[in-house]
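What follows is a short report on a single structure.
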Amino acid sequence: MKTILFFSQLVQCLIIILMLQPASAAQNTPTNSETEMVIYDFKKQSDLEDWRVVNDGVMGGLSRGEIIMTESGTAVFQGVLSLENNGGFSSTRTLPRPYNLDDYHGVSLRVRGDGNTYQFRLRLDDRFDGVAYRYSFQTKVDEWMTVEIPFSECVPVFRGRKLSGVAPVAPEKIQQIGFLISDKQAGPFRLEIDWIKARQR
């Protein structure tokens, strides 16, 4: 009788431990959603509807660029950069909209490039032209990489020229994001983008 009672109490203790353990673990394990937010992951066609291409044709250049979706659920910014007619840049950016990044300190990108140097760019208004903030990153040929971009390291520029006396990026004002290739890197280019996330740390 004592043996049966012992095993009954043991089973009850085990049940209580198993019931309590998941709740305790759940409270102490941070989740990605607490520190980052997906801005674009290109898993649906509508993710690409915000994006437009702006090439040096606006200044008489001959560069070509496009942004497309792949079957594997990524976006590809690709084209040919030409230095003819004083050209030399191709870019893609989103249509203006509030991104509500007040509580975030930067963005992360997962990209696969071609060895060229690209710029990630931000704009704080809905204007076509004007001040932009850039962060340059070097890609590796056909290799996925994650690029961490603090807003504090984005440099204010106007038509390629660095600006002084301009306020740093105000995350709550960000309305446009995009990519640009320039710096006399003539020839074909290709940048594949898996996702863009805002991060709090």
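Relative contact order, whole percent, for the stretch 81-140 stands at 30, derived from Cα pairs under 8 Å and 6 or more residues apart.
Taking R0 as 41 Å, what's the FRET efficiency between Gln200 and Val58 from their Cβ-Cβ distance, rounded to 0.05? Efficiency at R0 = 41 Å is approximately 0.70. The chymotrypsin sites (Phe, Trp or Tyr not before Pro) of the stretch 78-144 meeting both criteria, a DSSP state outside H, G, I, E and B (loop) and at most 13 other C-beta atoms within 10 angstrom of the site's C-beta, are Phe128.
The trypsin sites (Lys or Arg not before Pro) of the stretch 103-155 that DSSP puts in a loop, and whose beta carbon has at most 16 other beta carbons within 10 Å, are Arg127, Lys140.
Once both labels are positioned 7 Å from their Cα atoms along Cα-to-Cβ, the gap between Val131 and Ser46 label points is 3.4 nm. Separation of the alpha carbons by more than 30 angstrom is noted, of Lys44/Lys184; Lys162/Lys197; Lys140/Lys173; Lys43/Lys140; Lys44/Lys162, for Lys44/Lys184; Lys140/Lys173; Lys44/Lys162.
Here's the picture: a label point sits 7 Å out from the Cα of Thr146 along the beta-carbon direction, and within the stretch 166-201 the residues with their amide nitrogen under 14 Å of it are 194-201.
Only the coordinates and a few stated rules stand behind these numbers; no lab work does. The model shown is predicted, which means the values in this text are computed figures rather than measured ones. Positions of Cβ are generated from backbone atoms using ideal geometry, with glycine treated the same way; all protein chains shown enter the neighbour counts.
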